[in-house]
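In what follows, a structure is listed as structure tokens, so that the remarks can point back to it.
The values are calculated or read from the model by the stated rules, or taken from the named source; none is laboratory data. Not measured: the values here are computed from a predicted model. Cβ sites come from the backbone with ideal geometry, for glycine too, and all protein chains shown count toward neighbours.
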Amino acid sequence: MLAGLFAVTVWLSFEVSRGLSLRVLLEEMLPTERHNVQLVQKFVTQFGGANTTLIAVRNTEGDIYDSEFLQRYSEIVEEIYYHPDAIRHLVQGLSLRKTKSVSGGGGRVEINAVMWPTIPQTDAEMERLRRDVNEQYRGFLVSDSQNAAMIVADFKEGTDHEALVGFIDDLRDSHADSGIEIHAAGRPLLLGLIYQELGDVALIFGLSLAAIIVLLFLYFRAMVGVVVPVVAASVATVWGLGVMGLVQYNLDPLLVLLPAFVFAIVLSHSVQFVSRVFEKLHDHPNMRSSVEAAFAKLLLPSGAAIITDAAGFTVLILVGIPSIQALALICTVWLLAIFPALVLAVSLMAVLPKPRTYRLGLRFIERFWRALNLEKNSALVVSLGLCAFVAGIYGAGRLTIGDEVGSSILWPESRFSSDAGYLNKSFSLLGTDMLQVYIEGEENTMVTPGVYHAVEALDRYMYQNVPEARPAQSLVPIVKTINSVLYEGDPSYALVPDTVQEVAFNTYIFRSKGEPGDFAAYTDPEWRIGNLSIPMKDHAADTVERAIAALDDFMTAGGADSLENASFLFAGGQIGITKAINDEIREANRSLFIAIILVIATCVFVYYRSLLVSVLLVFALSTSNFVTYAFMAANGIGLNLNTLILSALGIGLGVDYGIYMFDRIREESRAGHALFEAVARSISTAGNAIFVTAFTMIIPMLPWLLLSGLRFQAEMGMLLGMVLFLNMIGALVVLPSAVLIFKPRALVGETEAVRENQTVKNTRLAE
């Protein structure tokens, strides 16, 4: 048996390294059935998607009007423009050929490249650049203070994000000695930084495992109490990862904590088993017979808990995101693999020698139990549990769907966060997040005056009604600038002409002086589709909702009536994708929580044949989750893709505690013990194992909180530690108190129920 299990483990270990990948695949992390996502996918080739990256080059020794600085800036632009993953027609920079200035007079229009093919050298050339920047590019490609020049780039979806971060870092290092600072932000860089931080995961896992080993030894005071749970949990984790490798599964780096969660669940079952074996050593002559007796007692409750765990994870398939749906199926199989892991634990303990010394429990638990005096205070405890339940529901109702301001992945003091702050502050016409509105119509739609009037009106409306919105990027400014030049630069003529012929003429003038692809960021070759890009300061949940609401209001008020045979399609870009994800989370969270509760309640009912037991267990688990959500709301932690699975994880970790406690109470009651004594004996046995299991997982969460460079990992470690603690309190305090009050017949047994009823009758007769 052991040899076979060892061989399977070795084989699956090989599959982990061969087939499992750690990559962020945008298409797998998006709710593909959502309208916003479909829009982005439809127009991504022409207008880009959510991979816009801002790179600011700052002169620390003066302004940008310095030949040496501009030369270095131009070199950086070239390196980015020719990066193999850059979408070239979506790269913008002062020194590129397509960046034009518009001037002229007397009906003559001059359209020239701002800084191509040569860098300004003379005072006159530098003054002309200053004029062009102030008229057209200040706040956009040049900072408001004019000491930094911008590069806007869009990268392909298959970009090696970690390599891109390295590329930007190399740019920083190569120019650091020349008075140049580079500030960069954008989704590709954010993903790359996640990859970089994965290198610390092994260290954090190692520290967590070391903490688990120390705590188990302090509890059991025997090496067998350490070896068996750790080996069983490790093997189950390897098997789960091996199955992922077999099916070529891509584990999103944001879910890299998942193996630790499964490890925790297996550890919980293993500690319960080892505790029961040590307990049976008093009544059996050797390890083998003790193991057999313990296994016979724990087979049914362990099986019930594992199946309930798996069923809870299966419900994640309701989330309309491919990666999470695949994760639900794999985790279900993974959790069912706990059965052979427990068989391994049984086999190991059966062949290991009986420990000379060992400890069965903690005196602390017994003192804590006596101090609670649940025989008198059980009603008070249940009442406090109800108060926590109600307060948790109220607090959870204030939970934000989506991210708060700032990155939910990185710490505010990270280089990325500080760079994003600098960019938003220094460039008044740019934002680190983009909202895209598409125009779709017939051929030559994008030379129709009505389209330009509608685009201009929408731009104005968004800027006036959404504080986070910046002036939009579109064809409108180009047409208005040329029209003004045609009228001697009169600013009163900086407007969209009223006829198709005039608009077409203005765009023709620009095209005739330009290069192929100059308009690619705004329209297609047939001029059938268009793009309005609205820079946003952030993609916080409130920002996204305000932006989408403003778009809806604009359309409702008839702002797009002038489009004629065209229509506005919104919203794309990072804001559109965030909207789709937030909507999916909002809907999935409701259905997910209800489904998990129903599935778990059904599994518990089938096992105990008691609706009351199901209600009590669900009550405890729901309270833990609601209180955790309330804590998240109070601390500005939003419900996002990372924290969404917290419900399944928290309930999965908690249901084990409840089932083991309920089952031990039932066992002690059926052995003839009075109810209170049965509960007390259960606390001193199964309760001890629950306590040590919880803390062997809570304390190892500290390295994630203290050492992880990723904010979401630290927060998930904190939240999981909180859920574990609350579930432990529920199993050790709330559930036993509820049993003492409600006396469910499925737990106390027929004999105890009759005894309690007779006591009540005798009391009434005496009265």
If you go through the stretch 310-322 one residue at a time, do you hit one that is surrounded by fewer than 18 Cβ atoms within 10 Å (Cβ to Cβ), within 18 Å of GLY240 (Cβ to Cβ) and of a type in the set (A, V, I, L, M, F, W, C)?
-> yes
Working carefully through the options ILE575, ILE585, find the one that is touching a residue at least 60 places away in the same chain (Cβ under 8 Å), buried (at least 18 other Cβ atoms within 10 Å of the Cβ) and under 20 Å from PRO535 (Cβ atoms).
-> ILE575
Cβ pairs under 7 Å, 6+ apart, first in the stretch 73-102 and without any contact (Cβ under 8 Å) to a residue 40 or more places away in the chain and not assigned by TED's automatic domain parsing to the domain that holds TYR522, second outside any helix (DSSP H, G or I) and charged (D, E, K, R) | none
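Pick from ASN424, ASN373: which is buried (at least 18 other Cβ atoms within 10 Å of the Cβ) and of a type outside the set (Ser, Thr, Tyr)?
Details: ASN373 fails: buried (at least 18 other Cβ atoms within 10 Å of the Cβ).
The match here is ASN424.
Residues that are modelled with pLDDT of 85 or more and buried (at least 18 other Cβ atoms within 10 Å of the Cβ): which helices (runs of 4 or more DSSP H) entirely in the stretch 1-93 hold 2 or more of them? Before the answer, list the steps.
Values: elements: 2-19, 35-47, 67-81.
In the stretch 1-93, the matching helices (runs of 4 or more DSSP H) lie at 35-47, 67-81.
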Kindly establish whether VAL599 is modelled with pLDDT of 90 or more, surrounded by fewer than 23 Cβ atoms within 10 Å (Cβ to Cβ) and of a type in the set (A, V, I, L, M).
-> no
If the Cβ limit is 6 Å and pairs must be 6+ apart or interchain, which residue in the stretch 148-160 that is surrounded by 24 or more Cβ atoms within 10 Å (Cβ to Cβ) pairs with which residue that is among the β-branched types (Val, Ile, Thr) and not in a loop (DSSP other than H, G, I, E, B)?
-> ALA149/VAL57; ALA149/VAL142; ILE151/ILE55; ILE151/VAL77; ILE151/ILE80; ALA153/THR53; ALA153/ILE80; ASP154/THR52
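Return the only residue of LEU316, LEU267, LEU299 being under 23 Å from VAL16 (Cα atoms), assigned to a helix (DSSP H, G or I) and of a type in the set (A, V, I, L, M). First the steps, then the outcome.
Working: LEU316 fails: under 23 Å from VAL16 (Cα atoms); LEU299 fails: under 23 Å from VAL16 (Cα atoms).
So the residue among LEU316, LEU267, LEU299 that is under 23 Å from VAL16 (Cα atoms), assigned to a helix (DSSP H, G or I) and of a type in the set (A, V, I, L, M) is LEU267.
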Across the stretch 446-503, what is the number of residues that are under 26 Å from GLU526 (Cα atoms) and charged (D, E, K, R)?
-> 5
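For the stretch 596-641, how many residues are under 26 Å from PRO322 (Cβ atoms) and assigned by TED's automatic domain parsing to the domain that holds ILE729? Quick ask: steps written out before the conclusion?
Our first condition is that a residue be under 26 Å from PRO322 (Cβ atoms); within the stretch 596-641, this holds for 596-600, 625, 629, 632, 637-641.
Adding the requirement that they be assigned by TED's automatic domain parsing to the domain that holds ILE729 leaves 625, 629, 632, 637-641.
Going through the stretch 596-641 one residue at a time, the tally reaches 8.
Look through VAL243, VAL226, VAL238 and report the one residue that is in a helix (DSSP H, G or I) and over 25 Å from the mean Cα position of the chain (by Cα). It would help to see each step written out before you state the result.
Working: VAL243 fails: over 25 Å from the mean Cα position of the chain (by Cα); VAL238 fails: over 25 Å from the mean Cα position of the chain (by Cα).
Only one candidate passes the filter, namely VAL226.
Does the stretch 633-641 contain any residue that is under 26 Å from the mean Cα position of the chain (by Cα), in a helix (DSSP H, G or I) and at pLDDT 85 or above? Talk me through it step by step, then tell me what you get.
As a first pass, look at the stretch 633-641 and keep what is under 26 Å from the mean Cα position of the chain (by Cα): 633-641.
Among the residues that remain, those that are also in a helix (DSSP H, G or I) are: 633-634, 641.
Next cut, at pLDDT 85 or above only: 633-634.
Yes, the stretch 633-641 contains a residue that is under 26 Å from the mean Cα position of the chain (by Cα), in a helix (DSSP H, G or I) and at pLDDT 85 or above.
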If you take just the helices (runs of 4 or more DSSP H) that sit entirely in the stretch 102-199, which of them hold at least 1 residues that are touching a Pro at 6+ places or on another chain (Cβ under 9 Å) and among the aromatic types (Phe, Trp, Tyr)?
-> 187-197
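Residue by residue, here is whether (1) within 30 Å of ALA547 (Cβ to Cβ); (2) part of a loop (DSSP other than H, G, I, E, B); (3) touching a Cys at 6+ places or on another chain (Cβ under 7 Å); (4) not small (Gly, Ala, Ser) holds:
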residue: ARG356; (1), (2), (3), (4): no, yes, no, yes
residue: ARG359; (1), (2), (3), (4): no, yes, no, yes
residue: PHE364; (1), (2), (3), (4): no, no, no, yes
residue: TRP369; (1), (2), (3), (4): no, no, no, yes
residue: LYS376; (1), (2), (3), (4): no, no, no, yes
residue: ALA379; (1), (2), (3), (4): no, no, no, no
residue: PHE389; (1), (2), (3), (4): no, no, no, yes
residue: GLY395; (1), (2), (3), (4): yes, no, no, no
residue: ASP419; (1), (2), (3), (4): yes, no, no, yes
Given the structure, is PHE712 within 29 Å of ALA294 (Cα to Cα) and surrounded by fewer than 24 Cβ atoms within 10 Å (Cβ to Cβ)?
-> no
